[in-house]
1. Of everything in region 78-90 that's in a loop (DSSP other than H, G, I, E, B) and surrounded by 15 or more Cβ atoms within 10 Å (Cβ to Cβ), which residue is farthest from the chain's Cα centre (by Cα)?
2. Of all the residues that make up region 254-275, how many are modelled with pLDDT under 90 and among the β-branched types (Val, Ile, Thr)?
3. For the condition out of contact with any helix residue (DSSP H, G or I) (no Cβ under 9 Å at 6 or more places or on another chain) and among the β-branched types (Val, Ile, Thr), what is the one hit in 191, 141, 161?
4. The conditions are (1) in a loop (DSSP other than H, G, I, E, B); (2) in contact (Cβ under 8 Å) with a residue 12 or more places away in the chain, and residue 391 fails exactly one of them. Which is it?
5. Could you identify the single residue in 119, 94 that is out of contact with any Asp or Glu (no Cβ under 9 Å at 6 or more places or on another chain) and either charged (D, E, K, R) or touching a residue at least 24 places away in the same chain (Cβ under 8 Å) (or both)?
6. Out of (1) surrounded by 14 or more Cβ atoms within 10 Å (Cβ to Cβ); (2) over 20 Å from residue 184 (Cβ atoms), what's the single condition that is false for residue 57?
7. If you go through region 37-59, how many residues are part of a strand (DSSP E or B) and either β-branched (Val, Ile, Thr) or touching a Ser or Thr at 6+ places or on another chain (Cβ under 7 Å) (or both)?
8. Which residue is surrounded by the fewest Cβ atoms within 10 Å (Cβ to Cβ), if the candidates are limited to region 20-48 and must be touching a strand residue (DSSP E or B) at 6+ places or on another chain (Cβ under 8 Å) and at positive phi?
Amino acid sequence: MLSVNGLSKSFPGVKALSSVDFTARAGEVHALIGENGAGKSTLIKVLTGVYQPDEGEVTYDGAPVRFATPLQAQHAGISTIYQEVNLVPLMSVARNLFLGREPRGRLGLIDFRSMHRQAEAALRDLGLRVDVRRPLRELGVGAQQMVALARAVSVDARVVVMDEPTSSLEPREVRTLFGVIRMLRERGIAVIYVSHRLDELYEICDAVTVLRDGKVVHTGRIAELERLRLVALMLGREIADVRQEGLTKFAGGHDTEAEPVLEAQELTVRHQLHDVSVSVRPGEVVGLGGLLGSGRSETAKAIAGALPTDSGRVVVAGVRVRTGSTPAAIRAGISLLPEDRKAEGIVPGLSVRENIALAALPGLSRFGLVDEARIDRIVETFMERLRIKAASPQQKVGELSGGNQQKVLLARWLAMQPKVLLLDEPTRGIDVGAKAEVQKLIDELADDGLGVLLISSDPEELIEGSDRVIVLKDGAVVEELTGDAVTEDRLMRAIATAPAVTATATGEGTGPGGHDD
């Protein structure tokens, strides 16, 4: 029904797709999976007319096509449901369902009575009963996602693309979604299904294509691919190369009897985390393992106050910290280096000096006057300690290499003298030399007594750099690896074979009442 051959797409400095072949067949649910940066989103955007390919051919229903806009793709019969609901919150549910194709009467005016009746019927088929006259924004996120699904399947689509469709759904709604997918399959519609939840993939999908670094590394029937092999393909590891005798970690710089400097207890965030508990001792590096979407980044953000929790508590050095408050977390000694340094970290238009001093400014001023000399001393100290390569402290941080931008971010938070450092993919997108320097720096910080929580999609980096590894799946802790068990083999087996998370793990029945004030 829809295929690409030899597809390539580049952006400045990045080759997002390289000679990709992919085929979605009528009456088949085809999983498209891969870690962050694998090229899934780019491929979907090429298929749906958001991007134009640099090389290669897109074929739809047997004929070559080149969609100039998403609207062209939709009119041709390709419908997409994005992870983030892309509807109009201020419009009614019915208007969202029929946006751009409203039923009209003899005078060309919208036939609201007919539109409301059809909207109610479409939603009823999905088990959703709401007042279709209400603004969409008044519905919960799960209900909005079901409205998006209803719109997608009601436009006579021949191909339906679903990007993480269950991320905001209750277990009951997931069952409904799977029923709709089976119905689409029976109608001969091709479904492209993007998800990181292995249990979902093996339950609903017929075929699977694995992308890594913009290339196809596997395609075939999903039933013929064991879970451990699938995880190994996503992470870029060969099972035969995993040293099963174990890469034993040494309890180098930390005291195993010391009281934890960080204790996060039973953190729960609706649809994202369920009773996640993590502890870190002074001088210890604790890894968070799991696939993309397992809850790693959400755990770090919940600890740092950047993601409000429904329940749970965070304790630093024996003192309870107010959850859901980034300022409270920073004052307690928690610093977070985010995964996306460009969107959530650096301010590219500001200088290296200004970026480093940003978080510490409140403590470097008195009566509204900033102590410039003290800032200069701090900046000089950390540029030297972290070996930040820049023309001068006044150079714009956006002009630096990725590795040096990462070091600037580290310098910003180290200037706050934290007790706990949360590192989310600290070596992503930087060259091999800079990666080694950052890894060495993490070891030095731990040796100095800092507690470190490390998130990495690279299993080798996670194993080599961590004293313990906590494995997450579907927002819940499924295993903790310690001592001789801290090996790549044990990590991948935990990710691939851990039992399915129960309904409560998705946050069912959890309300906002448990939020820690």
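The values are calculated or read from the model by the stated rules, or taken from the named source; none is laboratory data. Quick caveat: nothing in here was measured; it's all calculated off a predicted structure. A quick note on method: Cβ atoms are made from the backbone with ideal geometry, for glycine too, and the neighbour counts reach across all protein chains shown.
1. Among residues in region 78-90 that are in a loop (DSSP other than H, G, I, E, B) and surrounded by 15 or more Cβ atoms within 10 Å (Cβ to Cβ), the one farthest from the chain's Cα centre (by Cα) is 87.
2. Residues meeting the conditions: 1.
3. Going through 191, 141, 161 in turn, just one is out of contact with any helix residue (DSSP H, G or I) (no Cβ under 9 Å at 6 or more places or on another chain) and among the β-branched types (Val, Ile, Thr): 141.
4. (2)
5. Answer to the selection: 119.
6. With (1) surrounded by 14 or more Cβ atoms within 10 Å (Cβ to Cβ); (2) over 20 Å from residue 184 (Cβ atoms) applied to residue 57, the lone miss is (1).
7. Residues meeting the conditions: 4.
8. The residue in question is 27.
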